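Q: The structure follows.
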Amino acid sequence: FLLRMFELSENISFKMQCSFLEVHRDQVNDLLQNQKNLKITSTDELHIQNLYHADTNSLQEIQQLLSHIQGNQTNNTHKNLVFQICLEIQQESRTLKSRMLFAKLQAYERIPKAQIQNGGQLQELHRLNNSITTFHKVVLALSESKLVPYKESALTKVLKDSLGGNAYCSVIFNICDGDYESTDSSLQVASKMQEIVNQPR
């Protein structure tokens, strides 16, 4: 609807760019250019060094971009995926910039203690779960007005604006009636997220 409105307006021109990244084992990887371990710079506005932004002009081009990426991905269960749309809107002498993030967060990885064979395997499990664990810590800190540990993971750095920052945010939780522990954890986080107040400008 938004793109259609821009196309029909005679006084508005717009530029749109898309990027697609994953956060896996606390590393940021570019899925459009297959670049690994990108760096997040510490600024007020999210900036990921060397992240590729594809120029797009229509919803169809966005869908083609997503289809291409999904065709190259096999197992996304334990990866955090973030699709970003950057808009620059020109209306007469005014220029407006906006950014939309669509994030799919990983499932929490659990391995029964009996199957953990050594300390290295346990460390790997902690690395896999660090992003989602820190996400939970950030939500808890925001709901209780405490110091927020955004810097403890790449994922929470990427989502900082959406979590207590300058953004409107909607969240959908998937729950499973066959997994009580995961469902209970998800509902607790969902309850805490209702207490977070963003400050969109």
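The values are calculated or read from the model by the stated rules, or taken from the named source; none is laboratory data. Since we're looking at a predicted model, the values are computed, not measured. Cβ coordinates were reconstructed from backbone atoms using ideal geometry, including for glycine residues, and neighbour counts include every protein chain displayed.
Q: Every residue in region 155-201 that is more than 20 Å from I48 (Cβ to Cβ), of a type in the set (G, A, S) and not in a loop (DSSP other than H, G, I, E, B), please.
A: Matches in region 155-201: S182, S185, S186, A190, S191.
Q: Mind counting the residues in region 125-135 that are buried (at least 17 other Cβ atoms within 10 Å of the Cβ) and within 15 Å of the chain's Cα centre (by Cα)?
A: Of the residues in that region, 5 qualify.
Q: Can you tell me which residue is modelled with the lowest pLDDT among those in region 1-50 that are in contact with a helix residue (DSSP H, G or I) (Cβ under 8 Å, 6 or more places away or on another chain) and aromatic (F, W, Y)?
A: Among them, the one singled out is F14.
Q: Starting from region 55-71, take each residue that is closer than 12 Å to F83 by Cβ and list its partners that are in a helix (DSSP H, G or I) and at pLDDT 80 or above, counting only C-beta distances under 7 angstrom and pairs at least six apart or across chains.
A: Sorted first by the residue in region 55-71, then by its partner, the pairs are T56/I62; T56/L65.
Q: Every residue in region 51-69 that is in a strand (DSSP E or B) and modelled with pLDDT of 90 or more, please.
A: Scanning region 51-69 gives A54, D55.
Q: Can you tell me which of (1) within 19 Å of L21 (Cβ to Cβ); (2) modelled with pLDDT of 80 or more; (3) surrounded by fewer than 17 Cβ atoms within 10 Å (Cβ to Cβ) is the one S93 doesn't meet?
A: If we test S93 against (1) within 19 Å of L21 (Cβ to Cβ); (2) modelled with pLDDT of 80 or more; (3) surrounded by fewer than 17 Cβ atoms within 10 Å (Cβ to Cβ), just (1) comes out false.
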